[in-house]
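Each value in this text was obtained by applying a stated rule to the coordinates, not by laboratory testing. The shown structure was predicted, so the numbers you read here are calculated from the model rather than taken from an experiment. So basically every Cβ, Gly included, is an ideal-geometry build from the backbone, and we count neighbours across all protein chains shown.
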Amino acid sequence: MNDQTGSDSPVVSVVGVHKTYAHPTRPVRALAGVDLTIQRGELAVVMGASGSGKSTLLHLIGGLDRPDRGSVVVGGQDLAALSNRALTLFRRRRVGFVFQAFNLIGTLTAAENVALPMAIDRADRAAIRSRTAELLDLVGLTRRADHRPDAMSGGEQQRVAIARALLMDPEIILADEPTGNLDSTAGEGIWALFERLVSELGKTVCVVTHEPRASAHARRILVLADGRIAGRIDIDECKHDAALVATRYQELAGAVRPDAP
Ligand SMILES: Nc1ncnc2c1ncn2[C@@H]1O[C@H](COP(=O)(O)OP(=O)(O)OP(=O)(O)O)[C@@H](O)[C@H]1O
Ligand SMILES: [Mg+2]
């Protein structure tokens, strides 16, 4: 629909990914064979209970961590082929992160927070200024440009974080519970912004969340349970009936039990 490039190659391709965290007493298996494809211009939503592996999956796609097994390809780049230094550059330039706690720097203004990745890259100052102004306008915060985070609402802080995530024109925006710290009105504003990024600007966004209201904004939802994709919910098939989506989600999220035979 909005794939102007005509290319069918996915932005993200995760194949057979496993991840176990080392722990002094007992290793924790966070992902146990995950396959996932995200197409360009898609708003991909992954839902799952606490501990199901959502953040782990997002960290692997974003190059914050490496899988034990399996492959992660983002924008045609196999992340396993990157050195640690190259992976650092990949994180700064090719993906944009949005976190539940916003993760803005408290001593910097909104504009300075947005500009940070370009400043670290020592970009031209005029270029930084115009790109920052453009993005603050996009997220509706031109009038908050000189506000520090403690002088902004939670919803405003998250919009600054989204502008920062967009700065380098990344392959994908990866958002981990982006509305978890917001009331429902501010949360709806964030979802509306993600929808605009996808439908008007052709961006690709992946949101992981356990919030049922995600179903109002997604066309399909992948459900993660105990480190595996337990299934997918087609929202159109559910006729956008929130109760039906919730039932289907409960079935899938509880479907794979750790001690099942
Ligand atoms: N650094 C770590 N060391 C050990 N275990 C970890 C580590 N990070 C996560 N885990 C464990 O891995 C599993 C998956 O964690 P993950 O953070 O991916 O879950 P999640 O779905 O994002 O949960 P939540 O909704 O609570 O954020 C959990 O059992 C968690 O306790
Ligand atoms: Mg998490």
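Here are the numbers for this structure:
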item: Subset of region 197-244 [more than 15 Å from the chain's Cα centre (by Cα), over 16 Å from LEU36 (Cα atoms) and charged (D, E, K, R)]; result: GLU200, ARG213, ASP236, GLU237, LYS239, ASP241
item: Subset of region 152-184 [under 12 Å from the mean Cα position of the chain (by Cα), under 25 Å from GLY75 (Cβ atoms) and not in a helix (DSSP H, G or I)]; result: PRO170, GLU171, ILE172, ILE173, LEU174, ALA175, ASP176, GLU177, PRO178
item: Candidate set from region 181-231 (those that are surrounded by fewer than 16 Cβ atoms within 10 Å (Cβ to Cβ) and under 21 Å from LEU252 (Cβ atoms)); member that is farthest from ligand 1 (Cβ to nearest atom); result: ARG219
item: Test for ALA133: is it closer than 18 Å to ARG159 by Cα and away from ligand 1 (no atom under 16 Å from the Cβ); result: yes
item: Entirely in region 186-244, the strands (runs of 3 or more DSSP E) that have 3 or more residues that are away from ligand 2 (no atom under 16 Å from the Cβ); result: 228-234
item: Inter-residue pairs, beta-carbon under 9 Å, first under 11 Å from LYS54 (Cβ atoms) and in region 208-235, second surrounded by fewer than 18 Cβ atoms within 10 Å (Cβ to Cβ) and hydrophobic (A, V, I, L, M, F, W, C), 6+ apart; result: HIS210/ALA49; VAL223/ALA255; LEU224/ALA49; ALA225/ALA49; ALA225/ALA255; GLY227/ALA32
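Table: residues versus (1) in contact (Cβ under 8 Å) with a residue 60 or more places away in the chain; (2) away from ligand 2 (no atom under 13 Å from the Cβ); (3) within 23 Å of HIS217 (Cα to Cα); (4) over 12 Å from the mean Cα position of the chain (by Cα).
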{"residue": "LEU36", "(1), (2), (3), (4)": "yes, yes, yes, yes"}
{"residue": "LEU43", "(1), (2), (3), (4)": "yes, yes, yes, no"}
{"residue": "GLY51", "(1), (2), (3), (4)": "no, no, no, yes"}
{"residue": "ASP68", "(1), (2), (3), (4)": "no, yes, no, yes"}
{"residue": "SER71", "(1), (2), (3), (4)": "no, yes, no, yes"}
{"residue": "GLY76", "(1), (2), (3), (4)": "yes, yes, no, yes"}
